[in-house]
Amino acid sequence: MAAAEFEVPKFREYPVIPALRPDEMAGSKPYVAAAPIQEALGFPGQLVDDWQAKAITRMGELLDKYRSFRVYMDACVHCGACTDKCHYFIGTADPKNMPVARQELVRKVYRRYFTFAGKYFPKLVGAVDLTRDVLDDWYSYFNQCSECRRCSVFCPYGIDTAEVTMAAREIMDSVGLGVKYTGEILGKLHKIGNNLGLPGPALEDTMLGLEEDIKDETGVDVRLPIDMKGAEVLLITPSADFFSEPHVDSLIGYAKVFHQAGISWTLSSHASEAGNFGLFIGNYEQMRKAAMRIRQAALDLGAKRIVVGECGHAWRVAYSFWNTLTGVGLGGEDPFAKALQQQLDPRHPVPQHICEFTYDLIQRGALNLDKEANDHRVITFHDSCNVARASRMGDMPGGQFVIPRSIIKSVANHFHDMPQDTICESTFCCGGGGGLLTDDLLEIRVKGALPRMEALKQVVDDHGVNFFASICAICKAQFNKVLPFYGFDTSMNGGVHQLVSTAIQLGTKE
Amino acid sequence: MSFVTIFYACIFYAASAMLIGGLAYKIYLYSRTPAPLKIPTTPAPTTTTGVVYRLGREVVFFESLFKSNKWIWIFGWLFHFSLLLVLMRHLRYFTEPVWGWVVLVQPFGKYAGFAMVAGLAGLWARRLFVERIKYISTVSDHLILLLLIGIGLSGLTIKFVAHTDIVDVKAFILGLMYFDWQPLPADPVLLVHLFLVAALMAIFPISKLLHAPGLFFSPSRNQVDNPREVRHLAPWAAELEK
Ligand code: SF4
Ligand code: SF4
């Protein structure tokens with residue numbers, strides 16, 4: 001286990017809310033993006049001279065463009081209901097990690113420049129000028145929010161701190177203060193087509209290697225095609241699925257499902273990434289630009305369906321935003337979208353989650369699954385925030401909770417949920433979402449994982465759980481890193497389709 | 001016409017203008033600002049009817065608050081529901097003849113005043129003694145609670161201790177409504193009560209009291225979860241496609 005340079009939080013005997021430790025995490029900041037990274041995204045290379053005025057102007061523009069931001073700035077009554085709901089607060093006790101206090105960092109500036117009370121009675125309503133200290137606080141604490149939306153579930157007005165975080169990050173980017181990690185990744189995505197910066201030929205090699213692995217293991221020729229024109233399904237999956245452990249085991253799972261169902265599919269080298277960090281930095285244009293690659297790939301390859309692999313924020317962008325951004329769903333009116341409409345098969349939702357896809361096949365009896373193959377595993381399921389609170393699966397509200405669990409129960413015999421108040425819509429973030437999955441933020445990532453780890457501990461102790469299933473590339477990468485800090489083995493970390501992969505009986509149906 | 005009458009007539013006209021004008025402006029701003037992306041907090045209703053029910057549950061039961069914190073919910077709900085009864089009771093000062101149902105709520109409204117103050121006291125106690133809530137409270141948060149408690153206590157005092165001539169009060173209020181001013185009884189507690197009410201009306205559109213209209217405009221609560229079926233496009237986002 002890595003030696004921590006900070007104190008790893010202890011499991012709490014009872015879930016008491018910690019006493020405040022002001023400024024505990026004030027020093028936690030990600031590396032600032034250098035000029036080339038920023039400029040590649042169209043942002044100023046470094047903090048501009050008149051950043052203060054520019055930031056206020058940008059804030060005004062965002063207030064006019066985003067109803068969420070405008071309403072959330074006004075509606076908070078400081079009731080405090082959200083104060084104990086953020087995993088980063090629970091793990092750090094830093095009061096500025098309470099959702100309302102995080103919002104307040106922006107709200108106090110909003111009040112000062114945009115409201116009557118703040119202009120004339122700043123002390124009374126807690127309004128302040130946008131000073132360098134305030135900006136530094138923004139940079140620290142808006143990079144300690146994983147945009148997980150847990151606070152928004154519990155706020156009486158649905159105030160979503162994630163929206164405020166996105167606005168703050170966008171304002172900082174617009175004056176030249178960007179984060180290295182997210183900026184770099186977006187740059188690679190725009191340039192090469194995926195977050196890892198893998199070019200097409202490297203991808204092809206990898207897929208060939210995986211085909212060999214599957215052949216060695218099962219004796220069956222399962223293909224992982226790339227850029228195959230005329231395939232029925234275009235699979236868009238996080239690029240971590242190509243290389244990282246345990247991600248790749250789920251990719252193998254998808255391939256086996258397609259194989260057994262006899263549905264032709266392909267990956268795209270042009271759009272080899274489901275992730276879309278444009279969401280994290282709250283920039284509509286960046287997010288749209290990234291999403292456009294997928295629409296282009298679907299048209300070029302002539303796919304009839306678009307299926308998305310296991311990734312939380314990617315599914316949010318795909319399910320909730322792709323249609324808006326690119327017109328891939330119904331209702332798009334530009335010629336591009338219309339061409340796509342004609343091509344896509346209207347009997348299937350666009351896009352479709354790989355879990356929806358597999359679930360339908362299971363319902364239809366199209367897969368031959370041997371539950372006993374997973375008998376060495378006792379499984380629990382982690383609801384990823386963006387799937388749980390920002391999207392859906394299937395045709396009924398809450399399908400995103402039912403469908404993955406139903407798949408797990410169809411492929412395995414031993415399943416136990418973590419405590420009710422830590423799953424489904426109340427799920428706790430893995431601690432590494434929202435653009436925080438970088439080593440320079442390791443401390444906040446480890447501390448923020450506390451509530452999730454506590455809930456896991458409970459099912460490990462009570463039921464002997466040894467497999468921690470999730471459907472998100474970021475969650476999986478984060479758990480690889482933080483599980484050891486809490487005394488768990490990383491071998492328990494895995495994907496839902498990894499379980500499907502184990503259970504599916506190749507060669508028996510196709 | 002006494003100075004007191006003229007003064008109170010003026011502040012009530014001013015306060016009403018600020019309340020109505022300010023709220024109208026804010027609601028105009030909210031409705032004019034587009035919500036470019038579908039961001040309902042899920043699981044969310046997939047139909048408009050479902051959204052109406054969701055908002056209805058938030059307004060009537062404070063559903064989300066109930067999920068998050070039972071103490072704040074109890075005090076908050078007690079306060080708001082009592083306030084509603086009290087306001088309904090006060091309708092008798094604005095209508096002639098008094099509507100039947102307003103007559104029926106009179107006894108409830110009378111005691112709701114106590115519940116209202118109790119709820120407010122509970123909320124204030126949390127603000128003073130719960131470390132996290134104290135941390136996020138601003139001066140204005142305390143003042144607004146004090147203002148509401150002041151309104152409640154002065155109202156209760158008029159009702160149960162220092163009675164005023166409510167027939168004259170009603171005449172004054174109807175006079176304001178029909179621009180036919182009538183004298184206001186100069187009882188000190190009544191004057192305090194009315195002054196605080198006018199102050200509350202005036203600050204409504206420039207304070208956190210905007211949570212009332214805000215709830216209805218909150219995209220995480222008022223959007224239908226149907227992004228795959230219906231394309232949702234804000235005007236400024238549509239421009240990007242040109
Ligand atoms: S969105 Fe999540 S991480 Fe951000 S403040 Fe809310 S609960 Fe915390
Ligand atoms: S729950 Fe909502 S209204 Fe209450 S303090 Fe938090 S953000 Fe503000």
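Report yes if some residue within region A:100-115 is more than 7 Å from chain B (Cβ to nearest Cβ) and closer than 21 Å to A:ARG12 by Cβ; otherwise report no.
Looking through region A:100-115, none of the residues is more than 7 Å from chain B (Cβ to nearest Cβ) and closer than 21 Å to A:ARG12 by Cβ.
Quick one: count up the residues across region B:24-49 that are more than 8 Å from chain A (Cβ to nearest Cβ) and open to solvent by less than 20 Å² (accessible area, probe 1.4 Å).
Residues flagged as more than 8 Å from chain A (Cβ to nearest Cβ) and open to solvent by less than 20 Å² (accessible area, probe 1.4 Å) within region B:24-49 amount to 1.
List the pairs whose first member sits in region A:64-75 and is more than 7 Å from chain B (Cβ to nearest Cβ), whose second member is in a helix (DSSP H, G or I) and open to solvent by 40 Å² or more (accessible area, probe 1.4 Å), and whose Cβ atoms are under 7 Å apart, counting only residues at least 6 apart or on separate chains?
Pairs that qualify, where the first residue is more than 7 Å from chain B (Cβ to nearest Cβ) and the partner is in a helix (DSSP H, G or I) and open to solvent by 40 Å² or more (accessible area, probe 1.4 Å): there are none.
Is it fair to say A:LYS65 is among the basic types (Lys, Arg) and either within 14 Å of ligand 1 (Cβ to nearest atom) or in contact with a strand residue (DSSP E or B) (Cβ under 9 Å, 6 or more places away or on another chain) (or both)?
no
Among the residues of region B:75-97, what is the count of those that are farther than 15 Å from A:HIS78 by Cα and within 12 Å of chain A (Cβ to nearest Cβ)?
Residues flagged as farther than 15 Å from A:HIS78 by Cα and within 12 Å of chain A (Cβ to nearest Cβ) within region B:75-97 amount to 3.
Any residue at all in region A:106-120 that's open to solvent by 10 Å² or more (accessible area, probe 1.4 Å), more than 22 Å from the chain's Cα centre (by Cα) and within 16 Å of ligand 1 (Cβ to nearest atom)?
No - not one qualifying residue is present in region A:106-120.
For the subset of region A:142-159 comprising residues that are touching a residue at least 60 places away in the same chain (Cβ under 8 Å) and away from every other protein chain (no Cβ under 14 Å), which member is nearest to ligand 2 (Cβ to nearest atom)?
Here the answer is A:CYS145.
For region B:109-131, state whether one or more residues are exposed (fewer than 14 other Cβ atoms within 10 Å of the Cβ), of a type in the set (D, E, K, R) and free of Cβ contacts under 8 Å to residues at least 12 places away in the same chain.
Checked against the condition, which is being exposed (fewer than 14 other Cβ atoms within 10 Å of the Cβ), of a type in the set (D, E, K, R) and free of Cβ contacts under 8 Å to residues at least 12 places away in the same chain, region B:109-131 yields at least one hit.
Of the residues A:ARG70, A:ARG102, which is within 16 Å of ligand 2 (Cβ to nearest atom) and either open to solvent by less than 10 Å² (accessible area, probe 1.4 Å) or not in a helix (DSSP H, G or I) (or both)?
A:ARG102
Going by what's in this entry, would A:SER244 be described as more than 26 Å from A:LYS509 (Cβ to Cβ), open to solvent by less than 10 Å² (accessible area, probe 1.4 Å) and in contact (Cβ under 8 Å) with a residue 60 or more places away in the chain?
No: the conditions fail for A:SER244.
Might you let me know whether region A:116-125 holds any residue that is part of a loop (DSSP other than H, G, I, E, B), away from ligand 2 (no atom under 14 Å from the Cβ) and in contact with a strand residue (DSSP E or B) (Cβ under 7 Å, 6 or more places away or on another chain)?
No: region A:116-125 contains no residue that is part of a loop (DSSP other than H, G, I, E, B), away from ligand 2 (no atom under 14 Å from the Cβ) and in contact with a strand residue (DSSP E or B) (Cβ under 7 Å, 6 or more places away or on another chain).
Could you check region B:216-242 and list, in sequence order, the residues that are in a helix (DSSP H, G or I) and surrounded by fewer than 21 Cβ atoms within 10 Å (Cβ to Cβ)?
B:PHE216, B:PRO235, B:TRP236, B:ALA237, B:ALA238, B:GLU239
Report, by residue number, each residue of region B:35-60 that is hydrophobic (A, V, I, L, M, F, W, C) and either away from ligand 2 (no atom under 16 Å from the Cβ) or not in a helix (DSSP H, G or I) (or both).
Within region B:35-60, B:ALA35, B:LEU37, B:ILE39, B:ALA44, B:VAL51, B:VAL52, B:VAL60 meet the criteria.
Quick check on this structure: which one of A:GLY398, A:GLY464, A:GLY495, A:GLY434 is at pLDDT 95 or above, farther than 21 Å from A:LEU251 by Cα and buried (at least 24 other Cβ atoms within 10 Å of the Cβ)?
A:GLY434
Tally time: how many residues in region A:345-391 are open to solvent by 10 Å² or more (accessible area, probe 1.4 Å), more than 14 Å from chain B (Cβ to nearest Cβ) and polar (S, T, N, Q)?
So the count comes out to 2.
Out of the residues in region B:124-133 that are away from ligand 1 (no atom under 16 Å from the Cβ) and facing another protein chain (nearest Cβ under 9 Å), which is farthest from the chain's Cα centre (by Cα)?
Here the answer is B:GLU131.
Is there any pair linking a residue in region A:306-329 that is more than 18 Å from A:PHE381 (Cβ to Cβ) and facing another protein chain (nearest Cβ under 9 Å) to one that is acidic (Asp, Glu) and not in a helix (DSSP H, G or I), with Cβ under 8 Å and at least six apart or on different chains, and which?
A:GLY327/A:GLU333; A:GLY327/A:ASP334; A:GLY329/B:GLU229
Only one of A:VAL387, A:VAL308, A:VAL328 is among the β-branched types (Val, Ile, Thr) and assigned by TED's automatic domain parsing to the domain that holds A:LEU499; which?
A:VAL387
Taking A:GLN342 and the conditions (1) surrounded by fewer than 17 Cβ atoms within 10 Å (Cβ to Cβ); (2) at pLDDT 90 or above, which numbered condition does it fall short on, given that it satisfies the others?
Condition (2) is where A:GLN342 drops out.
The values are calculated or read from the model by the stated rules, or taken from the named source; none is laboratory data. Note that the structure is a prediction, hence the values are computed from the model and not measured. A quick note on method: Cβ atoms are made from the backbone with ideal geometry, for glycine too, and the neighbour counts reach across all protein chains shown. Areas reflect the complete protein model, heavy atoms only, side chains present, ligands, DNA and RNA absent. Shrake-Rupley method; radii C 1.70, N 1.55, O 1.52, S 1.80 Å.
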